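The next block holds one structure in the form of structure tokens; read it before the comments.
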Amino acid sequence: MFVDRVTLYVKGGDGGRGCCSFRREKYVPRGGPDGGDGGHGGDVIVRAVAGADNLADVVHRKHWRARNGGGGQGSNCTGRRGGDLVIRVPPGTLVLDRDRGNVLKDLTAADQEVTVALGGKGGRGNRAFATATNRAPRETEPGTPGEERWIVLELKIIADAGLIGLPNAGKSTLLSRLSHAQPEVADYPFTTKHPNLGIVRSGGDAVFVLADLPGLIEGAHTGTGLGHEFLRHVERTRVLVHLVEPLPPDGSDPIDNYRIIRRELELHGRGLADKPEIIALSKAELTGSEAVRERLERELGREVLAISSVTGQGLSRLVGAVADQLNQNLETGSQKNETQHRS
């Protein structure tokens, strides 16, 4: 089961109560107060861990509560501290406050973490209230309650390149051909219900992560279909591979289909339309596909690759184009960082 969005209730542990105690020992007159402080409550922490790929491990538990702090004891003994509770999530998880709507942390790499609910502080024992004029205080403090809130965990797949296009454009078949991934493939639309990842080798030891992103439809930016669920995964990719079907079964125009997806990216915003894009005409083994590819190039004024997941035509060229674009992105990013450092 693939889960990329969950809502959880989190609560830090309550602080322990301070102790009211007096020293009572033989031959020790006027021993005085010796009540210890209560222990602090544990925190609730969300931590990104390597190896996880979705939120299925946390979806079945809605309430996460850290341990309470222990009460103080006599002989100035402080109560034990409540243990922290760690919620383990995949890298790429966005942590949001449900009610306020603000982002608490974007966990983009393994071992990053954020404390979403602080534990309460332990209350003071009567020893802390002793003064020169009040040598036998009986005051104590209860521990403060831990923080509580509802949070939303939203996973955005982190991939180097993402396959986009209308349903049934051949994205899943292409991913299965280029990698060892085994997404569901069928001759009907919307076979892909969630993103699939695959490792693609581009020569030598060079590899990149390719994501098969579920098919978008017109109106996706407004939430039509599963638009918002699909589009947010595109935000993490560095390069887009736009697959266009040459001869759609519904008789639609391939150029119009291309522009539908581009418009959805623009309307969604968040820089999706500005990402580097490689256009590829899928199913090049079909008769008449070459004429469609040439027409696409003329209309768009850009190179359009011809690929076939069935025959293998153009696949090595597509992989090389993606690898080259990723390398250009790295070089551009390095130059920007160097310029900022100098300035």
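Descriptive notes on the structure:
- The packing ranking, built from the mean of other Cβ atoms within 10 Å per residue, places the peptides 243-255, 100-112 in the order 243-255, 100-112, highest first.
- Each listed q (0.14, 0.15, 0.20, 0.26 Å⁻¹) maps to a log10 I(q)/I(0) for segment 6-51 from the Debye sum over equal C-alpha point scatterers, namely -0.59, -0.62, -0.80, -0.96.
- Distance between modelled label sites at Asp250 and Asn76, nm, 7 Å Cα→Cβ extension: 7.8 nm
- Semi-axes of the equivalent ellipsoid of segment 17-81 are 44, 10, 7 Å, computed as sqrt(5λ) over the eigenvalues of the C-alpha gyration tensor in descending order.
- Calculated FRET efficiency, Ala136 to Asp111, Cβ-Cβ distance, R0 = 45 Å: about 0.35 to the nearest 0.05.
- Cα-centred dipole magnitude for segment 14-109, charges only on beta-carbon of K, R (+1) and D, E (-1), debye, nearest 20: 440 debye
- Excluding ligands, DNA and RNA, the accessible surface per residue across segment 1-61 is 51 Å² with a 1.4 Å probe.
- The Cα-based radius of gyration and maximum Cα-Cα distance (Dmax) for segment 112-152 are 16.6, 52 Å.
- Packing rank of 85-95, 280-290, where each peptide gets the mean count of other beta carbons within 10 Å, highest leading: 85-95, 280-290
- Legend: residue pairs Lys171/Lys275; Lys105/Lys171; Lys62/Lys105; Lys156/Lys283; Lys62/Lys156; Lys121/Lys156, Cα-Cα distance threshold 25 Å; pairs beyond threshold, Lys105/Lys171; Lys156/Lys283; Lys121/Lys156.
- Within the accessible area of segment 52-153, the carbon and sulfur atoms contribute 44%, probe 1.4 Å, all protein chains present.
- Here the Debye sum runs over all C-alpha atoms of segment 1-141 as equal scatterers in vacuum, and log10 of I(q)/I(0) at q = 0.21 Å⁻¹ comes out as -1.10.
- Size of charge dipole - segment 38-79 - debye, nearest 20, with Cβ of Lys, Arg +1 and Asp, Glu -1, no other charges: 160 debye
The values are calculated or read from the model by the stated rules, or taken from the named source; none is laboratory data. This is a predicted model, so every value here is computed, not measured. Positions of Cβ are generated from backbone atoms using ideal geometry, with glycine treated the same way; all protein chains shown enter the neighbour counts. For accessibility, only protein heavy atoms count, side chains too; no ligands or nucleic acids. Shrake-Rupley method; radii C 1.70, N 1.55, O 1.52, S 1.80 Å.
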